[in-house]
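J.: The structure that follows is given in the form of structure tokens.
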Amino acid sequence: MDIKMLQPVKVLSSHDLVQSVRDILRSEHKKRPFIVMDEFLTKNPQVKELLAVLPEYELFTKIVPDPPASLIIEGAKALTTYAADVIIAIGGGSCLDAAKGMGLYAKNQGRLADYFDPEAELKKGVLMVSIPTTAGTGSELSNALVVTDESTAQKKAILTPAAMSDYAVLVPELTVSLPKRQTIASGLDAFSHAAEGYLSRLATPMTDAICEKIMFLLVNYLPRAVADGTDLKARERVLSAASLAGWMLNNAGTNLGHSTAHILGAKYHLVHGEAVAYALPGVLELVNESMPTKVKEIGKILGVEFALDDTPAIVLQKTRAAYCHFRDELVDLHPFSDYQLAKAELLTNVDAILHERFAQNTPVELTPKKVTRFLCEFG
């Protein structure tokens, strides 16, 4: 059976980090937490309060963006040495991904590079509690983690049910201090998760309904969260949307947009959420030939009013324009030209993008010519 809507993670929406974590530890009878988080979070008031009430714990704060395999192995060894019975990850996508990788490696050992094989049979490690401080990757509800393969300098995904968190704790107050640029990038990443899942070969009527709601929430609340980071209602709605988008990664996947971000991000250090946002207009154009109705629905979510006689080409033009207005004006993403990457340089990546694992979910037959045209319009 090809089950598309499995969601095993227990989700707590809360305004009290300390009580939520204590409740989980008590109910699961766990006493030796291994806490993975960014160093700067040790100064967060709620996190400081949490650490103060825990009778014992081991702290790992060496998290870096796009975590390399060596960092995950180092953390796994520390986890094993401490004999932890639960991992608590507090942070952004890189932190949550790294913590999930540590749990996997501590349990499965071997070569981490072998975990990239879709056929790899991996066992789940100790209990995993994910607490996001950004609203974008949705790692707390996804079965994926992205690791930098140091042998190739490429960002690669590990996809396995064994990577699923057991609990996700959503505390919008933890996202209030997120800087504007990170709020923009993470929010647009979540929008791309939903849009690419909606425009994926793996999409189903059930995933479509959820992806539509995710995009609706982000269109209506992400600009508010960017304009006023203390708007708790906006932060809460964006956080919920991002988590749901992470869930959709398990069920509908992503497509060429994320393949492009993985290849270009690792090579040129593009911020992931920005890269997928630069890619989405090109994705819309590519899939319009096979999914014109869905492109039109995205346009409606973005506020476009279509005429009855609008052709698919006109619908695409209006939808692209509406997304770019949302991305560049309402959310205020900085222009791709700031990266100072020449088109000729981007085109050296056609083959790598074409063969990246998520590209196959794009609902059109991809060719070097199509990917070349797509990269010529990137940004």
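The values are calculated or read from the model by the stated rules, or taken from the named source; none is laboratory data. Here the structure is a predicted model, which is why all the values come from computation and not from measurement. As a convention, Cβ positions derive from the backbone with ideal geometry for all residues, glycine included, and neighbour counts pool all protein chains shown. Surface accessibility is based on the protein's heavy atoms, side chains included, excluding ligands, DNA and RNA. Shrake-Rupley method; radii C 1.70, N 1.55, O 1.52, S 1.80 Å.
J.: Within the range 289-313, count every residue that is open to solvent by less than 60 Å² (accessible area, probe 1.4 Å), in a helix (DSSP H, G or I) and of a type outside the set (D, E, K, R).
T.: Residues flagged as open to solvent by less than 60 Å² (accessible area, probe 1.4 Å), in a helix (DSSP H, G or I) and of a type outside the set (D, E, K, R) within the range 289-313 amount to 5.
J.: Continuing with this model, one more query. For the range 149-163, does any single residue satisfy the condition of being under 16 Å from residue 95 (Cα atoms), in a loop (DSSP other than H, G, I, E, B), out of contact with any Phe, Trp or Tyr (no Cβ under 9 Å at 6 or more places or on another chain) and not charged (D, E, K, R)?
T.: Checked the range 149-163: no residue is under 16 Å from residue 95 (Cα atoms), in a loop (DSSP other than H, G, I, E, B), out of contact with any Phe, Trp or Tyr (no Cβ under 9 Å at 6 or more places or on another chain) and not charged (D, E, K, R).
J.: Looking at 256, 286, 202, which is the one that is open to solvent by 20 Å² or more (accessible area, probe 1.4 Å), farther than 17 Å from residue 333 by Cβ and touching a residue at least 40 places away in the same chain (Cβ under 8 Å)?
T.: None of the others qualify; the one that does is 202.
J.: Determine whether the range 357-378 contains at least one residue that is in contact with a Cys (Cβ under 8 Å, 6 or more places away or on another chain), in contact (Cβ under 8 Å) with a residue 24 or more places away in the chain, open to solvent by 70 Å² or more (accessible area, probe 1.4 Å) and of a type outside the set (Ser, Thr, Tyr). First the steps, then the outcome.
T.: Of the range 357-378, the ones in contact with a Cys (Cβ under 8 Å, 6 or more places away or on another chain) are none.
Looking for residues that are in contact with a Cys (Cβ under 8 Å, 6 or more places away or on another chain), in contact (Cβ under 8 Å) with a residue 24 or more places away in the chain, open to solvent by 70 Å² or more (accessible area, probe 1.4 Å) and of a type outside the set (Ser, Thr, Tyr), one finds none in the range 357-378, hence no.
J.: Answer with yes or no whether residue 94 is over 27 Å from residue 178 (Cα atoms), among the polar types (S, T, N, Q) and open to solvent by 10 Å² or more (accessible area, probe 1.4 Å).
T.: When the stated conditions are applied, residue 94 does not pass them.
J.: Can I ask one more? Considering the range 145-166 alone, what residues qualify as being open to solvent by less than 20 Å² (accessible area, probe 1.4 Å) and either hydroxyl-bearing (Ser, Thr, Tyr) or touching a strand residue (DSSP E or B) at 6+ places or on another chain (Cβ under 8 Å) (or both)?
T.: Answer for the range 145-166, where residues must be open to solvent by less than 20 Å² (accessible area, probe 1.4 Å) and either hydroxyl-bearing (Ser, Thr, Tyr) or touching a strand residue (DSSP E or B) at 6+ places or on another chain (Cβ under 8 Å) (or both): 145, 147, 149, 155, 157, 158, 160, 163, 164, 165.
J.: Given the conditions (1) among the basic types (Lys, Arg); (2) at pLDDT 95 or above; (3) touching a strand residue (DSSP E or B) at 6+ places or on another chain (Cβ under 9 Å), report the number of the one that residue 357 does not fulfil.
T.: Among (1) among the basic types (Lys, Arg); (2) at pLDDT 95 or above; (3) touching a strand residue (DSSP E or B) at 6+ places or on another chain (Cβ under 9 Å), residue 357 violates only (2).
J.: Let me ask something additional. Just name the residue that is nearest to residue 147 (Cα to Cα) out of those in the range 117-131 that are outside any strand (DSSP E or B) and in contact with a strand residue (DSSP E or B) (Cβ under 7 Å, 6 or more places away or on another chain).
T.: Per the stated criteria, the residue is 118.
J.: Count, please, the residues in the range 230-239 that happen to be assigned to a helix (DSSP H, G or I) and open to solvent by less than 40 Å² (accessible area, probe 1.4 Å).
T.: The qualifying residues number 4.
J.: Now for a separate question. Identify, please: which residue in the range 9-68 is assigned to a helix (DSSP H, G or I), touching a residue at least 40 places away in the same chain (Cβ under 8 Å) and more than 21 Å from the chain's Cα centre (by Cα) and is, among those, surrounded by the fewest Cβ atoms within 10 Å (Cβ to Cβ)?
T.: So the residue we want is 28.
J.: Scan the range 109-144 for residues that are surrounded by fewer than 24 Cβ atoms within 10 Å (Cβ to Cβ) and either without any contact (Cβ under 8 Å) to a residue 24 or more places away in the chain or polar (S, T, N, Q) (or both) and report the count.
T.: Qualifying residue count for the region: 8.
J.: Taking the criterion of being in a strand (DSSP E or B) and of a type in the set (Lys, Arg), would at least one residue in the range 106-116 satisfy it?
T.: No.
J.: Separate question: With the condition kept exactly as written, say whether any residue in the range 133-141 is more than 14 Å from the chain's Cα centre (by Cα) and of a type outside the set (Gly, Ala, Ser).
T.: No - not one qualifying residue is present in the range 133-141.
J.: Between 249, 270, which is touching a residue at least 12 places away in the same chain (Cβ under 8 Å), closer than 17 Å to residue 138 by Cα and either open to solvent by less than 10 Å² (accessible area, probe 1.4 Å) or not hydroxyl-bearing (Ser, Thr, Tyr) (or both)?
T.: On the way: 270 fails: closer than 17 Å to residue 138 by Cα.
Only one candidate qualifies: 249.
J.: Ok, one more. Say whether the condition of being at pLDDT 95 or above, open to solvent by 30 Å² or more (accessible area, probe 1.4 Å), of a type in the set (S, T, N, Q) and more than 26 Å from residue 114 (Cα to Cα) is met by at least one residue in the range 78-85.
T.: no
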